[in-house]
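What follows is a single structure, written as structure tokens, with notes after it.
The values are calculated or read from the model by the stated rules, or taken from the named source; none is laboratory data. This one's a predicted model, so the numbers in the text were calculated from it and none came from an experiment. Glycine also receives a Cβ, built like all others from the backbone with ideal geometry; neighbour counts cover every protein chain displayed. Surface areas here come from the heavy atoms of the whole protein model, side chains and all, with no ligands, DNA or RNA. Shrake-Rupley method; radii C 1.70, N 1.55, O 1.52, S 1.80 Å.
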Amino acid sequence: MEVKVMNATEKKELMGKYAKKLENAIKREVSVMKEIENDKALIKYLEGQKTSGAAFDNTVYESYDAWIETIRKQIKKSESTLTNIEFKKVELEAIQKYIA
């Protein structure tokens, strides 16, 4: 079986396509940051409701604590996504230099 070796032009075309994917992933940064802000605001609201003794009225979660814990996990996932986006920015910069 023969392995095809890509020439420089083919490599740059391939990396250009990958750069587009990175750019699209990076565009999510603003929405992920907004999600984190919204989740933090929701936690603050729920903690206020819990502290004030407001009745818990939610069929999805069993308590304020369970709801708050779920949101904290979502925040951690979103923060991980932001870290990955930062790596994608560095990767994109390197690719752009390569294909230039």
Quiz prompt | Those residues of segment 65-100 which are without any contact (Cβ under 8 Å) to a residue 60 or more places away in the chain and either among the aromatic types (Phe, Trp, Tyr) or on the phi > 0 side of the Ramachandran plot (or both), in sequence order | solution = Trp67, Phe87
Exercise. Starting from segment 38-64, keep only residues that are closer than 17 Å to Ser78 by Cβ, then list their pairs with residues that are open to solvent by 60 Å² or more (accessible area, probe 1.4 Å) whose Cβ atoms are within a distance under 9 Å, requiring at least 6 positions of separation or different chains.
Key: Asp39/Arg72; Asp39/Gln74; Ile43/Arg72
Practice problem: Please indicate, with yes or no, whether at least one residue in segment 19-34 is open to solvent by 60 Å² or more (accessible area, probe 1.4 Å), over 30 Å from Ala100 (Cα atoms) and modelled with pLDDT of 95 or more. | Solution: yes
Quiz item: Does Met6 satisfy the criteria of being at pLDDT 95 or above and open to solvent by less than 100 Å² (accessible area, probe 1.4 Å)?
Solution: no
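Taking the condition open to solvent by 80 Å² or more (accessible area, probe 1.4 Å), more than 30 Å from Ala100 (Cβ to Cβ) and among the small types (Gly, Ala, Ser), does Ser78 pass? Let's see the steps before the verdict.
Details: open to solvent by 80 Å² or more (accessible area, probe 1.4 Å): no; more than 30 Å from Ala100 (Cβ to Cβ): yes; among the small types (Gly, Ala, Ser): yes.
When the stated conditions are applied, Ser78 does not pass them.
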